[in-house]
Structures are given as C-alpha cells and as structure tokens.
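Chemist: Quick one: this structure, given as structure tokens, is what I'll be asking you about.
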Amino acid sequence: ERLSYVDDSVLVKRPRSTKWAKASVNTPSKQGFTVSTASNSFAEGEFENGSAARLGQLSKLCFDELAMTPGGRKINHLSFVRGYGTFHLVPQHGDQYTIAFGNTRITPHGKTEFRTDVSPDGRLRVEVLDGSVDVRDPKQMAKVSKGKVLEFNKQTLTAFDITHGIQKDSWDNWVHKRDQQAELAYNDSPVGMNSAL
C-alpha cells in the first residue's frame, strides 16, 4: 500500500508518531498510518491489487489494520474520520475491507465503488456507485446496492435512510478520471490482468 497521488497540502502521521509530516507520492501506507488533506488538497492511496482510497479536501483517513491471515487473505480496516472520499475496492482471494465511521462499519461485497461524506455534525452519507455494501452499527444493518444512497445521523441515532438519486459533482468527475488512468496503467503494467504469466 502506498500514496499514489498527492495534490497540494497533504500530511501524514506515521505509526507511533505524534508529528505530522508533508506527504509525497510513493510514501508507504502502513498499519497505524493517518493521511489528512487541507483545503483544496487531495490524496489517493493505492493497494497492491489495484484498489484505491481517494480523499477530497479537509478529509482524514486512518489505516487501522493492514494485516494478512495465515491463509494469505489481506485484512484492510480503515477509519474515515472526516471529509469525503471514494473507495474503489477489488477484494481478491477472500480479502477483507472495512471502512469505519465511529461505530458504523461499511463492508463491500466483491468489486465495489462507493463514496462517503462525513459532515462535522456527525452525518454520514454513503453513495454506492458500483457493487453493494453492508452498512452496520450496533443497532441496525442495511445492504446498499448500486445507485442507492444511505444517510444516517450519528448524533440522533436515527434509522438508516436509503433512497435513490446519486447526484454527481466535480469530485465524482475527478474520481472517474483517476479510475480511467489507473485502469490504463494497470492493464499496461507487466503484471496486468491481460498479460500471460
């Protein structure tokens, strides 16, 4: 795992460190690593299998657990603290991905792309662009499929509200372009899915 894109003011805090440092492209993301973006700043973390976590401005993401089971499955547990981001996840060989927002956990099913927005007053919005995710907190669980939006207010502990109607904005357009670039790069690489072993 590494930072594959950094734009403007992006900071990282390494495991067991109390100090923030300026991030640079190819900085490795290890367990306990935190990434934070300032105003008009963006970052992208890339996983070995082509999965990506993209962060918008004023966002913060923690890599809580990056481990491997004895059977070789990767465990990737992340915490999304604030801001907005889009997660493009391609679990392989039983890999696990979980994105936490406080006590709320988002778990993808297979190849999935979803956007999360966390507002300062504790509201969570999850837009599923591809695939489906489970969203769970201590009191409720919902499966959210492609094209649907889940909204939840952590302060009032309301029921999950699921609706249709994703409205794309400039962030979604930027992510779409990054997806296209990543796919081209992955397919052109020596270990791309189209190359013979």
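The values are calculated or read from the model by the stated rules, or taken from the named source; none is laboratory data. This structure is a prediction, so every number in the text was calculated from the model and none was measured. We place every Cβ from the backbone using ideal geometry, glycine too, and count neighbours over all the protein chains shown. Heavy atoms of the whole protein, side chains included, go into the accessibility calculation; ligands, DNA and RNA do not. Shrake-Rupley method; radii C 1.70, N 1.55, O 1.52, S 1.80 Å.
Chemist: Collect residues whose amide H, placed 1.01 Å from N in the peptide plane, falls under 5 Å from the amide H of Lys148; neighbours closer than 5 in sequence don't count.
Modeler: Distant-sequence amide H within range of Lys148: Val128.
Chemist: How far apart, in nanometres, would the label points at Asn49 and Met68 be if each is projected 7 angstrom from Cα along the Cα-to-Cβ direction?
Modeler: 1.3
Chemist: Now for a different question. So how long is each side of the chain along the principal axes, counting just the alpha-carbon atoms, biggest first, in Å?
Modeler: Result, largest extent first: 49, 40, 39 Å.
Chemist: Continuing with this model, one more query. Which cross-chain or sequence-distant (5 or more) residues have an amide H under 5 Å from the amide H of Ser4, H modelled 1.01 Å from N in plane?
Modeler: Asn26, Glu44, Gly45, Glu46
Chemist: OK, next. Hey, rough spin-label estimate for Ser170 and Asp121, points 7 angstrom out along Cα→Cβ, what's it come to in nanometres?
Modeler: 2.4
Chemist: Given labels modelled 7 Å from the Cα in the Cβ direction, how far is it in nm from Gln181 to Ser145?
Modeler: If labels sit at Gln181 and Ser145, their model points lie 3.4 nm apart.
Chemist: Still on this structure: Over all alpha-carbon pairs in segment 73-159, figure out the percentage whose distance exceeds 20 Å.
Modeler: 27
Chemist: Scan segment 7-70 for GluC sites (Glu not before Pro) in coil per DSSP, keeping those whose Cβ has at most 12 other Cβ atoms within 10 Å, and list them by number.
Modeler: Glu48
Chemist: How would Leu124, Leu11 line up by accessible area, probe 1.4 Å, largest first?
Modeler: Order by accessible area, largest first: Leu11, Leu124.
Chemist: Separate question: Of all the accessible heavy-atom surface of segment 30-92, with the other protein chains kept in place and a 1.4 Å probe, what percent is carbon and sulfur?
Modeler: Within segment 30-92, the accessible surface is 50 percent carbon and sulfur.
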